[in-house]
Structures are given as structure tokens and as C-alpha cells.
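Laboratory data are not the source of any read-out in this text; all were calculated from the coordinates shown. Everything numeric in this text was worked out from a predicted model, so none of it was measured. When we count neighbours, we look across all protein chains shown, and the Cβ atoms used for this are built from the backbone with ideal geometry, even at glycine.
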Amino acid sequence: MKVQNLAEEASDFTGNIWKFKRNGETVLIDAGTGDSWKQIQNLEKVDKVVITHSHYDHVDNLPKIADLFSPRVYAFEPENLPVQASELVEGEKISLGGLDFEIFHTPGHRDDSICLHSRGEKVLFTGDLVFPEGGFGRTDLDQGDRDLLIDSIKKLEGLEVDEMYCGHEEAVFEDVEEQISRSVREAERGESKY
């Protein structure tokens, strides 16, 4: 599965915007903010957008995407978004590009945070829950809770993952499962990250 980061060349602060195209369907994971819009507006189409959580750096481009492409939008708490969206439920699966992704509700960074895992492709989209090299999401913001975050990261332990796409930083293709376990250990150390 070829996944591209549309926010890679953005100069403004933004969350990653992961795009993949499969079976004729163009899917975005998160919508970003700021000048990342330049890459989105040049797409031929966007069929589906899944929001990992409702912080501005992941959703601000949603109204422009909705106006230009009229995609189906999905989120754990759709009422938190600036556009109409369908609700995702933990444990259910969503078909994206013909692949089934299981929804994991992962609060701790934000109450409406989710991760998406494709068992068949061994792909994980984490939003701002975990990052490369044992990193983890901020818990000093509104709705942040370190204990909830640790419990949420532990939900990912044991998943078979070859590719991890985070809300910020680079994608991870090596030792992904160990990096997730390292994120748990780092978060449990109790030291303030922020």
C-alpha cells in the first residue's frame, strides 16, 4: 500500500495528512491546516476523510475539502468537526480503498482520538497517540490524561504492524511493535513530556 504525506512540504505547523489511493478510492487520514491545503487542492478527487482527533492541526482544512470534493467524512465524535461526518465506533471496521481498518478509541491526548489498524496490510494510523522512537502524544492540553494515554497505547501492543503512520513526524517501517512498547514505557516513567 503506497501512502503519501501531503503535509510533508508544508511550512506552516500542521498535522500529517496521509493519502492513499486504492481500488479507485482516494482516502485522506486527517485534513491538516495552513499551507498544506496547497497539496490537497491539486488532487483529482477525495472520496473519504477519516479524522484521528479534532485538534485544529488535523481538521482545519476540512471545510475546504468538503466544498471542493464532497467526500464522506468519519470521526469518533462527529459533533466536534466543522463539517457533517459519520460516527466511528470502537471495535467496528471501516472499509477504506477496499481494505478493512479496525477502529480503536484511544483517548489520553484528546477524548475523541482514534487509531486505525488494517490486519491484512499490517498498517496502523495512530494520530497523535504515539510517535517514532518511543514518543507519545501531549497530555498537557485540554482533555489530556496521561493514565488514559498509557491505557490507549497498551491497546496497540500485540497488533501486527509493519507500517505506522503518525499524526506528526515520519512514518515508521522498522521495529514498529517495539517502538509502540517503548512508547508505553516512556509514558509510564511519569516524567513530564511538556
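Looking at the chain from every direction and averaging, what is the projected area of its Cα convex hull in nm²?
9.8 nm²
What is the magnitude of the charge dipole of the chain about its Cα centre, with +1 placed on the Cβ of each Lys and Arg, -1 on the Cβ of each Asp and Glu, and no other charges, expressed in debye to the nearest 20?
I would put it at about 520 debye.
Rounded to the nearest 0.05, what FRET efficiency do Asp47 and Glu92 have when you use their Cβ-Cβ distance and R0 = 25 Å?
0.85
Per Stokes-Einstein, at 10 °C and 1.306 mPa s, what whole-number D in µm² s⁻¹ belongs to segment 89-139, with the Kirkwood radius over Cα pairs as the hydrodynamic radius? Walk me through the intermediate numbers first.
Numbers: Rh = 11.5 Å.
The Stokes-Einstein estimate is 138 µm²/s.
Please work out how much length the chain gains when fully extended from Asn23 to Glu102, using 0.36 nm per residue of separation minus the C-alpha to C-alpha distance, in nm with one decimal.
Stretched fully, the Asn23-Glu102 segment lengthens by 26.6 nm.
Taking +1 at the Cβ of each Lys and Arg and -1 at the Cβ of each Asp and Glu, which of Ser113, Phe13, Asn42 sits farthest along the dipole of the chain towards its positive end, judged by Cα position relative to the Cα centre?
Asn42
Cα-based Rg (one decimal) and Dmax (whole number) for segment 135-191, in Å?
11.5, 32
Using only the Cα atoms of segment 51-145, what do you get for the radius of gyration and for Dmax, in Å?
For segment 51-145, the Cα radius of gyration and maximum Cα-Cα distance read 13.5, 38 Å.
Take every Cα-Cα pair in segment 6-117 and report what % of them are more than 21 Å apart.
Tail of P(r) above 21 Å: 30 percent of Cα pairs.
How much length is gained on full extension from Glu79 to Glu174, taking 0.36 nm per residue of separation minus their Cα-Cα distance?
On the way: separation 95, 0.36 × 95 = 34.20 nm, distance 3.63 nm.
Computed gain between Glu79 and Glu174 is 30.6 nm.
Gaussian network model of the chain, Cα springs within a sub-10 Å range: biggest mean-square fluctuation belongs to which of Gly137, Gly167, Gly34?
Gly34
Modelling each spin label as a point 7 Å along the Cα-to-Cβ direction, I'd like the Glu160/Arg189 distance in nm, to one decimal.
3.2 nm
Taking the chain as a Gaussian network, Cα atoms linked when under 10 Å apart, which of Phe104, Phe136, Phe20 shows the biggest mean-square fluctuation?
Phe20
Taking 0.36 nm per residue of separation and subtracting the Cα-Cα distance, what length does fully extending Glu8 through Asp35 add?
Details: separation 27, 0.36 × 27 = 9.72 nm, distance 1.08 nm.
My answer for the length gained is 8.6 nm.
Enter the Cα centre distance for the pair segment 152-189 and segment 89-138, rounded to the nearest angstrom.
So the separation of the two Cα centres works out to 11 Å.
Please check the chain for the longest run free of trypsin sites (Lys or Arg not before Pro) that are loop-located per DSSP (anything but H, G, I, E, B) and have at most 10 other Cβ atoms within 10 Å.
Counting at most 10 other Cβ atoms within 10 Å as exposed, the longest clean stretch of the chain is 3-188.
Among all the lysines, which ones have a C-alpha under 24 Å from Lys48's C-alpha, if same-chain residues fewer than 8 places away are not counted?
Of all the lysines, those that pass the test against Lys48 - Cα under 24 Å, at least 8 places apart if same chain - are Lys2, Lys19, Lys21, Lys38, Lys64, Lys93, Lys122.
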